[in-house]
Structure formats: structure tokens, C-alpha cells
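K.L.:
One structure is given below, represented as C-alpha cells, and several questions about it will come after.
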Amino acid sequence: FTRAVLLLSPVRTGELRWCALATLASAPGEVEIVDRVFTAVFGGGVDPADFRGDRPEPPLSTVDAKKAVFSVGAEPREPGRVRELAVASAGSAVERLASRDFGDLEPGELALLRDAMRRLRLAPPPRRTRRKRATPAGRRVDLRETLRRSRRSGGEPAVLRRWSPRWKPRKLVVLCDISGSMQAHARAMLQLLVCAAGGTRAEVFTFATRLTRLTRALRAKPALAMRKAGEEAPDWAGGTRIGMALRDFLDGYGARGMARGAVVVIVSDGWETGPAELLGAQMERLSRLAHRIVWVNPRTAKPGYRPLAGGMAAAWPYCDAVVSAHRLDALTPLLDALA
């Protein structure tokens, strides 16, 4: 607001109000709030005589890339002269959508968040491998390499060769619930994986009434990846059998080592139509294999939430972290839990 005042040099109260609206109001519903604060701060309020009828209403919500052009009269300056300045609109669509629940977003609104999601990074913690690399700052002496190099100096180990272990990111495995109650949040989480995975090649599975592997489909560009995901998962908006899906994953893929030492993310609201005992038993199996289990449940964002549903109650003791990740500005706890 201060930069707008310095840039536009308003000479009337109305012009000062336009500066306030352009920079402080991000939605039409906030105009009244800004006016009340404006009146409290500047005293006399807004004089209708300060406004010229030919001045256009400044846009209150545009995409970041668009520019709002405000024409400011200069009567004290040359009569009839108008100065036009291109100013980036402060109230962008992304800023408004960032505070809205993913479940309330339309597909087109969710697509607007792709650029913001690309700036995020899903970074699982590193793990030490059995391989090593030569480095002068290594803590361990590479005895074999030191002795081999000593042949050049008459058998005297003139230089100690050192090594340090190699590190690489842990595997990231995502199991995403695409049942009817999780459909909108599942699309948001899958889009986040496509946009924010970066160099991390996450293994992605969806489940409702059956388990489907979508790893290859989600390696395409975001728009194409989401379409492929919808085509390859036939049980979108179906029932929820979390325990059965976990059992199929552990029997088919966990036995191949996919879950061993991995960070496993389960995206589900915990509504289980199958026996809760089966889910508890499979979560216990998974906890013995995985490095960390992070459960994403958008219902936990509600005040006073308790894991009383049978499925969530059975899984809760085996989760290392439970986060909501129900909107864009609530993804930080998820990123922290993964790292």
C-alpha cells in the first residue's frame, strides 16, 4: 500500500482509497472491511465528491500474470492529462485459492495451483548406501587405495586416501484413496505429486475397491498425467477398502522390497468399509518395513477431531505423523513430515 501511494502520488481521498483497495483487498467481500479500516485510519472517511464517474473499477481478483492499469488524474498538474501505470495486482487468484479446502475447488481452480505446487519439493530424508566415494575430507582411510598408490612412492604411503559413504534419498511410496469421500482431495494430492516430486521418482498407487499402480501415468505432464490417472484407475468414487489395498500392496510390491526403508504416505480419511482388524494388521506389517509412515487425512483439520472411525482408530498407533494437507497453505506440515 505504501509503495502504491509513493508510485501514484494520490492528491484526493478517493485516489488514496483506490490504492488501498488495489493492494489490500483480494476479494470483493473484503472491500467493506478495507473501507472500515480506511475510515478508522484516515478519519473523515471517503468523500463521494473525490471520485470521478469515468474512472473504472479496479480489478480485485486477477491471475498473477495479469496487470491492472490505473489511470490517475493530475488536475493539479496539466489539465486533461492522464498518467497510466502498469501495476501488478496484489489480489491474485492463487492467493485466494491457497486458503480454500481442496474439496471445495473445481477442476479448473485446482489447475491454477499447478505453478504454486511446482515451487514445492517433496524431499524424503537421505539414507546411507553401501557404496563409497573418494574424498579428501572423508573420516575413514581407504587402506586398499592407499597401499595401491604407495607403489609410486617406493612403498611409502605418502598420501592417505580417504572415503565417505554415499547417500541417496529414500524411496517415496504414496497410497492414495480415490473413494467418493476423498475424490477431490485425491486429485489435489496426485497433482502435487506430479508437480512437486522433482527428482524424486515416487511410486504411486490408488485404491478404492482395488489397488492400481499409477507410477508411469503420473510421469507425464500435469494435465496429461491427471487424465491418464483417471483412465487407468477404474474405481474412482467407489467404496473404501484400505486394509485390503494395503494387503495387496504388501503381498505384491512390499515383498519385492519397495516398502523397505521407504517413506510411505497414505492419503485417506480413514473411512473403512472392510474389517478394521485387517487394516490394523496390515499397518503393523507396514510399520516393520517402512522407515516412516505419514497419514494424510483432511478431516483432521476440523477442530476437536478424534480418530474414532474404525479404520483411522486402527491405523493411528502405527503412524509416525498425521497431517491434514487439506489446502495449499497447509502443505508445510506434510513437507516437514516427509523430510
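K.L.:
Which length gain, in nm to one decimal place, applies between VAL37 and GLU231 when the Cα-Cα distance is subtracted from 0.36 nm times their residue separation?
P.N.:
Working: separation 194, 0.36 × 194 = 69.84 nm, distance 5.08 nm.
Full-extension gain reported as 64.8 nm.
K.L.:
On to the next question. With both partners inside the range 170-338, how many of the DSSP beta bridges are antiparallel, as a percent to the nearest 5? Walk me through the numbers on the way to the answer.
P.N.:
Details: 3 of 21 bridges.
Taking every DSSP beta bridge with both residues in the range 170-338, the antiparallel ones total about 15 percent.
K.L.:
Roughly how many Å² is the accessible area per residue of the range 262-322, as a whole number, for a 1.4 Å probe?
P.N.:
Details: 2720 Å² over 61 residues.
That works out to 45 Å² per residue.
K.L.:
What distance in nm separates the simple spin-label points at LEU250 and LEU143, each placed 7 Å from Cα in the Cβ direction?
P.N.:
4.2
K.L.:
Hey, could you pull the Cα Rg and Dmax for the range 170-338, both in Å?
P.N.:
14.4, 40
K.L.:
Right, here's the next one. How much of TRP163 can a 1.4 Å solvent probe reach, expressed as accessible area in Å² and rounded to 10?
P.N.:
Counting only protein heavy atoms, the figure is 50 Å².
K.L.:
For the range 170-338, give the percent of accessible area contributed by carbon and sulfur heavy atoms, probe 1.4 Å, rounded to a whole number.
P.N.:
Details: 3430 of 7020 Å².
Carbon and sulfur together cover 49 percent of it.
K.L.:
Return the distance in nm (one decimal) between the two label points of a simple spin-label model at LEU7 and ASP115, each offset 7 Å from Cα along Cα→Cβ.
P.N.:
Placing both labels 7 Å along Cα→Cβ, they lie 1.6 nm apart.
K.L.:
Mind ranking 284-293, 319-328, 298-307 by how tightly packed they are, going by the mean number of other C-beta atoms within 10 angstrom, highest first?
P.N.:
Highest mean packing first, the order is 319-328, 284-293, 298-307.
K.L.:
On to the next question. Greater than 30 Å separation of Cα atoms is the criterion. Which listed pairs, LYS171/LYS221; LYS132/LYS221; LYS132/LYS228, meet it?
P.N.:
Numbers: LYS171/LYS221 21 Å; LYS132/LYS221 35 Å; LYS132/LYS228 40 Å.
LYS132/LYS221; LYS132/LYS228, as the Cα separations exceed 30 Å there.
K.L.:
What accessible area per residue comes out for the range 1-41, rounded to a whole number of Å², with a 1.4 Å probe?
P.N.:
On the way: 2310 Å² over 41 residues.
Per-residue value: 56 Å².
K.L.:
Extension gain ALA281-GLU156, at 0.36 nm per residue separation less the Cα-Cα distance, in nm? Please report the intermediate quantities before stating the final value.
P.N.:
Numbers: separation 125, 0.36 × 125 = 45.00 nm, distance 6.02 nm.
39.0 nm is the gain from fully extending ALA281 to GLU156.
K.L.:
Tell me the relative contact order for the range 170-338 as a rounded percent, counting alpha carbon contacts under 8 Å between residues six or more apart.
P.N.:
On the way: 320 pairs, mean separation 36.8, N = 169.
The normalised contact order for the range 170-338 reaches 22 percent.
K.L.:
Using alpha carbon centroids, what distance separates the range 273-336 and the range 222-240, in Å?
P.N.:
Here the answer is 22 Å between Cα centres.
K.L.:
Over the range 118-248, with the other protein chains present, what is the accessible area per residue in square angstrom, probe 1.4 angstrom? Don't skip to the end; give the middle numbers.
P.N.:
Numbers: 7690 Å² over 131 residues.
Computed with neighbouring chains in place, this is 59 Å² per residue.
The values are calculated or read from the model by the stated rules, or taken from the named source; none is laboratory data. Bear in mind that the values here come from a model prediction, so they are computed numbers and not experimental data. So basically every Cβ, Gly included, is an ideal-geometry build from the backbone, and we count neighbours across all protein chains shown. For accessibility, only protein heavy atoms count, side chains too; no ligands or nucleic acids. Shrake-Rupley method; radii C 1.70, N 1.55, O 1.52, S 1.80 Å.
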